Every structure is written in C-alpha cells, then in structure tokens.
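The values are calculated or read from the model by the stated rules, or taken from the named source; none is laboratory data. Every value quoted in this text rests on a predicted model; they were computed, and no experiment measured them. Here the Cβ positions follow ideal geometry from the backbone for every residue, glycine too, while neighbour counts run over all protein chains shown. Areas reflect the complete protein model, heavy atoms only, side chains present, ligands, DNA and RNA absent. Shrake-Rupley method; radii C 1.70, N 1.55, O 1.52, S 1.80 Å.
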Amino acid sequence: MITALAWRNIWRQPIRTALSMLGMALTSALLVFMLSFQFGSYDIMKSSVLRISQGFGQFQAKGYKADPETAKTIKNAPALRADLAKIPGVTASSSRSVAFVLLANGERSFAAAVVGVDMKDDAKISKLSSMVKQGRPLNATDTNAIVLGEGLARNLRLKLGDTVTMLGSGLDGSVAADALKLVGIFKSGVPELDRQVAHVPLARFDEAFGMNGQVNIVAITGNRLNDIVNDGRKLNALADKYGLAYLDWGALAPGIKQAITLDMSTAFIMYLTLVVVVVFIILNTLYMSVLERTHEFGILLAIGMKPAQIGKMVWAEMIFLSLVGNGIGILLGIAITLYFQKYGIVFKGMDAIYAQWGLPARFYPMLSTFSTFIGPSAIVISIVVLGVIPYRRVLGLEPVEAMSS
Amino acid sequence: MQPIVSCRGLTKTYGKGALSVQALREVDLEILPGDFATLAGPSGSGKTTLLNMIGALDKPTTGEVAIDGQALQSLNATALSDLRLHKIGFVFQSLNLIPVLSAQENIEFVLELQGRPSKERAERAREALKNVGLEGMEHRRPAALSGGQQQRVAVARALISNPAIVLADEPTANLDSKTALELISLMYRLNQENGTTFVIGTHDPRVMEHTKRHIELLDGKIANDTRR
C-alpha cells in the first residue's frame, strides 16, 4: 500500500505532476534524438572517410603501421580472406600492396605511394574509383595502367595516356622499375591522397616488386561500420591466428577519432548542463510537495509509520515520477529519431561543402541502446540520488513539530 | 491494577531564558485500563502538550512517562513509532486521514504497517467501518465524507490495532452539535463494549458530560481529577 500511496501522492496535484513529467519527457526525448543524431553523424563521417580508400578495418604485418616497409608482408592472404568471409559482418575483403616509389615524367619526378589493388575486390571497399574525374578507374583487365591523384598528376604534368616511369625497391632489395600508362586521375578531396597516391593493378605490382603473392594489407568492409566494430573480437582473434595486426577504424583514422572525442567532450558539457538544470527544477518541485505535506507526515508518524518508511515513500514518488516522465521521453525520442532515421535531415546550402569532404548532403540519426538510454538514465539516476535531500528532511521530522506546520 | 499510562513529575518548557514558557509543571497522572477520561481546561492550560507526552509524540523536559509499563525516555524514534503503532490510537481535531486513500485503506494502512496479511487487513477494516456506522462507505475518499464521517473513520483507524489507549485531541472541535454527540456516543459505546481506554482532550462541555473521569488542567498543573 505504501507503493500505491506513493503513486497516488504524485497525482495529488495533477497539473504540477503533468508539467514535471512533460519537462522530463521533452528533455529525455531531446537527449535521445540529439545523441542519436550525433552518433549518426559520426558514423557517416567515419564511414565516408574510411570508404574513400582504407576500408572499415585492415590486417597488416605487425609493425607495418609504424614503419610501412614493403618487406613487412602478409604471406597467406588468400587463407586469411577465406576466414574473413566466414565472419558475418564482413561483406568483402581485398588484398593490397604498397610501396614508396619515385614517379617520373621526363625530368619531373615526385615521391609517391603506389598501391597495388585488385579491382575485382577493391571496388567493394574503396570509392576511389568513383572519384576518378578524368579518364577511367582501373578495371580488372588492366595490365600496365596507373591511376593518379589529381595533385600528383598536376605536379608531374601528366595527362591521360602519358607514360609514367616508376622506380622503387623490390621485396628482395632489387630495383623495381616499370613504365605505366596513365588511364585516370582521381580527386578524393583528401589532400594526402590526391598529392601522394597512385593505384596500379595488383598483379603488375606483384611482378614489379617481386612480391610472389605476398601483400601488405588486407582491407575489409561491411554493410555498416558498426557491424565491423561489433566483430572486433573475432577480427582480432583472426589477426592473432595469422600473426598479424588488426587495425580498427580508430587506428586507421586517428584524426577523425580525435575530432569525435573533442566534439563529444563539448557535447557532454552541454548535455550535462541540460540534465543538471532539469534535475534541479524537478527536484525543487518535488521538494515543495514534501514541504506541503509536513502536517500529513506528522499524522503518519503519529499513527506509527517510521520516519524511514515515510522517507522511502517520498523517494518512491520521485522514482515513479522520473520513470514515467523519462519513459514517455524515451518513447517520444525513439519515435522522432526513427522518423529522421528513415527520411534523414538535409542542411540546405551545405551540400557542396559536405561533398568536398566526401560527405553526403543528407544526415541520418542512428538510434542505439546507448543513445536511447544514457540521457534519460542520467536524469533518473540524478533524481534518485538527489532524492536523499527530501529523504533526509523527512528523517529529521518530529511528529508534534510536523503536525503543527 | 497496572496503569496504562503513568506520568511522574512531568514538566515541559518551550523556549529558553526569559522567553521560556512552562506548559506543564510537575504533572503526576495515572490512566487506568477502561478509563473514559476527559482532559479539560482552557486554551493554553497544557492539554495538548500532556496528550503529546502520553502519546509518545513529544518528550518531556523533565519527568517520566510509561505506557503499558514501558518507560519512553530510553526509546529512539523508531522504537517510539513502534510503540505508537501497537499501543496507541490517535484521533486529532481535523485532517486526520490520508486524502489519497479511501476510508477502508486509511484503516488498513495501520494494519499494513503492522505487517498483517492483505485478507485480514481488508476484513478487519470493513468490520471496523461497520462498527462506527460507515458500512457502504469503504471506498470513499476523505474528501467525499462529511466531517463527522471523517472523524468516525479516524476513530475506527485508532481502534483497529486494539491499542492500549486511544488519545483524542479536540475530536469534536470542527463538528456540529449533533455530529459531535454522535461521535462521543460512539467512543463511549466502544469504551463500554470493548473496554477501550480513551483520554479525550477537550473543552467541549458536551463531551465532558459523557465521561467517567474528568481531569482538569490549569496553567500546566492538574487542578482537579474526579471520577463519576
């Protein structure tokens, strides 16, 4: 009956209770939507950047990330890729080899990273081929073709059809030299890629650098970045099995990770402010309702209710109020988020700017258990914890003093 | 016969120094089982203060109070709550009941605090309401009851745990003559039938007419204590 009493007590002042609940519900709904939108935006940013070239994850020889020598290879890439195909979140994998070479056109030469790619698989991972602005991307039948970043082509003063001379060091230390025909120029919007990267067919790379089927990178992708993130444990286990290192999105795009961390820190302060303001407004209302009932608490003490029981009843009222208010808020937040998750949000006039960064014009919130419950939970927990204030006041009540109020 | 209430050298002083007010002065009093007593006196004579002391709601400045042989001085707040729950019933002047509970629930609430099972609670509460003439009003909330009916519910609640004593502070103050008389008659009947001990703080002559013992307070002292 104490529970029933607590529930009925919160409805003594229905308008006040409804307003308190509405305040909590709107704040909770706002938190659910804002957090989902923030995570959705991060996901789009990460996915867009990683899809340009790197993939959602990469396997490399240990130490390759810190010191990317061509000699640090994956010796049995086909077996690794066969195992990767068994992991549900991984929809495609691709072998790549990388060498740092000198590219020359006549008397002009520039250092570049040449990436050997198998276009049959790599097109599923990298969007670079869709970013070819002049000519065409590599295709599976190419033998001596090369595609360059726009900056690199400009620096070398190359045009489509020109021959590019490549000079590097093979796996066994011998000179790796080749002459390749420029078939396409890409513009990714990422300066490092556009100024330094060239793509050649993997088979040609293998031959020129004497790789004997070994590769430097196995890149993977999935339908969603989160699928790959969720498979992290399996992917790391696979890396251990082959004596390799697995690089997740954070290791592949540390700049994005830092930017997200910074943005999250700023947003956290904003969310915290919102929660603190709402919690103290609600707490003030609840404390008022406790003060108003001091006489009644005196009667309850007189008939034998213990101070701690009255305190618990008041605490239960706060829990009920916050659970109902935040429950409504969660449902409202889910509904709003799901709507925009389906239809997206367009920031008019920003599409050209976003396109430069490979980002889409339409952003979608991403509802998750975390984004749904973290904000409302913070409100509920704060109210429950701060409920100790009215609880302690009730504990200190003397029956006569209370009844005379 | 062992007294239900025993007060020895009871004093109560409010405030300190020159502003202090002595509400009770060296009061010695014994209430015996089956007493139906009024505690009368003008406003400020110390009636409510003495009832509060007897009801374990307040502590004396000096002196001792014992209920059913148990001294109150050494008890903490929780133990005093327990004592009130099991041994004392209260009827106050007004605003006695919990507004969000029905008449029956108000009575059941005491039994729930005592840990009685649900079925027993409901049966006893219905019986108690019937006993005070409120059969059929079990599900009405206090706001839907008249002042007299509310006081009857308060009496039923006070009696539901078979307490050693029922203390009523000005129970008829807000009632019209007819309703007041009905309430006093009810309490008197319960005293006669069940032997329940009542101490009623009042300055209402209609109440005093019905009681078997009349204790008169004046300036914090017992000026007169007569039995009829």
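State all residues of the range A:119-152 that are in a loop (DSSP other than H, G, I, E, B) and closer than 15 Å to residue A:197 by Cα; if no residue qualifies, say none.
If the condition is that a residue be in a loop (DSSP other than H, G, I, E, B) and closer than 15 Å to residue A:197 by Cα, then A:126, A:127, A:137, A:138 are the ones that fit.
Where residues in the range B:6-25 are open to solvent by 20 Å² or more (accessible area, probe 1.4 Å) and in a strand (DSSP E or B), which of them is nearest to residue B:64 (Cα to Cα)?
Applying the filter and picking the extreme gives B:8.
Do we have any residue at all in the range A:331-339 that's at pLDDT below 95 and assigned to a helix (DSSP H, G or I)?
no
Could you please find all residues in the range A:223-255 being part of a loop (DSSP other than H, G, I, E, B), open to solvent by less than 30 Å² (accessible area, probe 1.4 Å) and in contact with a helix residue (DSSP H, G or I) (Cβ under 8 Å, 6 or more places away or on another chain)?
Result: A:253, single match.
Of the conditions (1) surrounded by fewer than 23 Cβ atoms within 10 Å (Cβ to Cβ); (2) charged (D, E, K, R); (3) modelled with pLDDT of 90 or more; (4) farther than 22 Å from residue B:42 by Cα, residue B:216 fails just one. Which one is it?
(4)
Could you grab me the full set of residues in the range B:1-17 that are modelled with pLDDT under 90 and among the small types (Gly, Ala, Ser)?
B:15, B:17
Anything in the range A:324-376 that is within 30 Å of residue A:288 (Cα to Cα) and either surrounded by fewer than 17 Cβ atoms within 10 Å (Cβ to Cβ) or small (Gly, Ala, Ser) (or both)? List them, or say none.
A:325, A:327, A:329, A:331, A:333, A:374, A:375
Rundown of residues vs (1) in a loop (DSSP other than H, G, I, E, B); (2) in contact (Cβ under 8 Å) with a residue 12 or more places away in the chain, yes/no style:
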position: B:49; (1), (2): no, yes
position: B:57; (1), (2): yes, yes
position: B:60; (1), (2): yes, yes
position: B:73; (1), (2): yes, yes
position: B:104; (1), (2): no, yes
position: B:107; (1), (2): no, yes
position: B:111; (1), (2): no, yes
position: B:123; (1), (2): no, no
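Does at least one position in the range A:269-286 carry a residue that is assigned to a helix (DSSP H, G or I) and either on the phi > 0 side of the Ramachandran plot or within 14 Å of another protein chain (Cβ to nearest Cβ) (or both)?
No, the range A:269-286 contains no residue that is assigned to a helix (DSSP H, G or I) and either on the phi > 0 side of the Ramachandran plot or within 14 Å of another protein chain (Cβ to nearest Cβ) (or both).
In the range B:143-153, is there at least one residue being touching a strand residue (DSSP E or B) at 6+ places or on another chain (Cβ under 8 Å) and either farther than 25 Å from residue B:4 by Cβ or not hydroxyl-bearing (Ser, Thr, Tyr) (or both)?
So far as the range B:143-153 goes, yes, one or more of its residues are touching a strand residue (DSSP E or B) at 6+ places or on another chain (Cβ under 8 Å) and either farther than 25 Å from residue B:4 by Cβ or not hydroxyl-bearing (Ser, Thr, Tyr) (or both).
Among the candidates A:48, A:20, A:41, A:28, which residue alone is closer than 25 Å to residue B:101 by Cβ, away from chain B (no Cβ under 14 Å) and either among the hydroxyl-bearing types (Ser, Thr, Tyr) or assigned to a loop (DSSP other than H, G, I, E, B) (or both)?
Checking each option against the conditions leaves just A:20.
Among A:219, A:203, A:179, A:198, which is open to solvent by 30 Å² or more (accessible area, probe 1.4 Å), part of a strand (DSSP E or B) and in the same structural domain as residue A:232 (by TED's automatic domain parsing)?
Only one candidate passes the filter, namely A:179.
Only one of these is more than 10 Å from chain A (Cβ to nearest Cβ), under 20 Å from the mean Cα position of the chain (by Cα) and open to solvent by 40 Å² or more (accessible area, probe 1.4 Å): B:28, B:35. Name it.
B:28
Going through the range B:63-90 one residue at a time, which ones are open to solvent by less than 60 Å² (accessible area, probe 1.4 Å) and more than 10 Å from chain A (Cβ to nearest Cβ)?
Selection gives B:63, B:65, B:66, B:67, B:69, B:71, B:72, B:75.
Can residue A:92 be described as of a type in the set (A, V, I, L, M) and within 27 Å of the chain's Cα centre (by Cα)?
Taking the combined requirement at face value, the residue satisfies it.
Where residues in the range A:388-399 are more than 11 Å from residue A:296 (Cα to Cα) and in a helix (DSSP H, G or I), which of them is nearest to the other protein chains (Cβ to nearest Cβ)?
A:395
Of the residues B:223, B:154, only one is over 16 Å from residue B:96 (Cα atoms) and aliphatic (A, V, I, L, M); which?
The conditions single out B:223.
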